[in-house]
Amino acid sequence: MDSSRLMENIYSITDRSPHADWDLLEAYSRTVTGIVGTVAEAVVHIQVQKEVRPKGSRQPQITTGSGFLISSDGYLVTNNHVIENAREIKVALADGRTIGAELKGTDPSTDIAVLKIYETGLKPLHFADSELLRPGQIAIAIGNPLGLQHTVTAGVVSALGRTLRAENGRLIDDVIQTDASLNPGNSGGPLVNSMGQVIGVNTATILSAQGLCFAVSSNLAAFVAGKLIMEGRVKRAYLGIAGQLVNLTDRMVAANKLEKRTGVYVYEIVPDQPVYNQELRTGDIIVGYDERPVGSVDELHKQLNEESIGRRARLDLLRGGRKTTINVIPAEMK
């Protein structure tokens, strides 16, 4: 290619690029602003009065967070850690009204809580199917970081299937990672897709890492919110034991034909009716529950769901290095 032809191509590309980029950026801008216009009305600012006692005195503390309406009659979702230990909860709507809110239920294991305000004609958001999400999709967060109401940040879904440790020690599965910027006060606000549907509930950031933010997936949040509205809680089972992860030797794995190389070491047993755990002994290593392999406390927690409450189950364990099976009956965790 001669030099004149090469220069023509360069000038042609240079002339086109700004217009092409402008069209793309303008389309993206219209998408974001359109979503904000339809979603913002359902996003609320939550003001929580908590009672703290520094050095023996009683002093109220005001904290804030975000939330969003999920029904036209006033049910809304936020994070458990936003309203935990609340003495009084107020909700500020987009139109400027501030209304007292009633706590309907909390689930510390997923950091989800449901509040109720007694108003009608409200505009709710709808949950998307988070199973259909793909990394790279647009993710828009709306909330009240640092008390700055209706702040909008945008990014993408960075990764799916992350796990996050809840404050009560349980593992939250199916967590969405996003680079949409979140700050204190965004907690409980919605993460939405390009159609304005909720794909997650913003719940956490890693303060020491820039751009690592997390949201509880919409499918999990919708399931928990439904349980909290209908029953006031999410039922889970417990065995009345304290355990920790332990590595197994190659010999133990081979001799007992185990699928996993770790188990749950039982270092404390609490006799607690109606739990039946009398066949367990301190020092046992749990390696299976109801014919499913167990390699960690988190895997055991997954088996202790609502369906396992009050139901006799087989517990596979190592006792003295040899595999044996006992029976347990979990009870509902209060």
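Distance between the 7 Å Cα→Cβ label points at residue 51 and residue 259: 5.0 nm.
Within a straight-line Cα-Cα reach of under 20 Å, residue 50 can be paired with the following aspartates and glutamates, leaving aside sequence neighbours fewer than 8 residues apart in one chain: 84, 88, 102, 107, 111, 167.
At 222 nm, what helix-only mean residue ellipticity would the chain give, in deg cm²/dmol to the nearest 500, using -39500 (n - 2.57) for each DSSP H run of four or more?
On the way: 5 runs with 68 residues, N = 334.
The helix-only estimate for the chain comes to -6500 deg cm²/dmol at 222 nm.
Placing pseudo-labels 7 Å out from each Cα toward the beta carbon at residue 167 and residue 334 gives an inter-label distance of 2.1 nm. Taken along the Cα-to-beta-carbon direction at a fixed 7 Å, the label points for residue 251 and residue 118 span 7.0 nm. Rg/Rh for the stretch 237-332 stands at 0.94; both radii use Cα atoms, and Rh follows the Kirkwood definition. Given the alternatives [x] 67, 60, 38; [y] 60, 51, 42; [z] 82, 66, 40, Cα extents along the principal axes in Å as computed for this entry is given by [z]. Sorted on the mean count of surrounding Cβ atoms within 10 Å across their residues, most packed first, peptides 144-156, 78-90 read 78-90, 144-156.
Evaluating 6.51 cos²θ - 1.76 cosθ + 1.60 at θ = phi - 60° for every residue in the stretch 62-71, the Karplus couplings come out as 9, 10, 10, x, 10, x, 8, 6, 10, 8 Hz, glycine and proline recorded as x.
Pop the C-beta distance of residue 31 and residue 235 into the FRET formula with R0 = 45 Å and round what comes out to the nearest 0.05. Spell out each step's value before the answer.
Working: r = 40 Å, r/R0 = 0.90.
FRET efficiency, residue 31 to residue 235: 0.65.
Computed on the chain, with alpha-carbon pairs under 8 angstrom and 6+ residues apart, the relative contact order is 12 percent. Once the chain from residue 291 to residue 129 is taken as fully extended at 0.36 nm per residue, the excess over their C-alpha distance is 55.2 nm.
Computed from the C-beta positions of residue 322 and residue 223 and an R0 of 45 Å, the FRET efficiency is 0.65 to the nearest 0.05.
Sorted by packing (mean other beta-carbon atoms within 10 Å per residue), highest first, where do 194-206, 283-295 land? Don't jump to the answer; show the numbers that get you there.
Numbers: 194-206: 22.5, 283-295: 18.8.
Output ranking for 194-206, 283-295: 194-206, 283-295.
Using a Förster radius of 56 Å, what is the FRET efficiency between residue 98 and residue 160 based on their Cβ-Cβ separation? Nearest 0.05, please. Present the calculation step by step, with values, prior to reporting the outcome.
Numbers: r = 37 Å, r/R0 = 0.65.
About 0.95, to the nearest 0.05.
Every number here is computed from the coordinates shown, using simple stated rules; none is lab data. As the structure is a computational prediction, the values presented were derived from the model and not from experiment. When we count neighbours, we look across all protein chains shown, and the Cβ atoms used for this are built from the backbone with ideal geometry, even at glycine.
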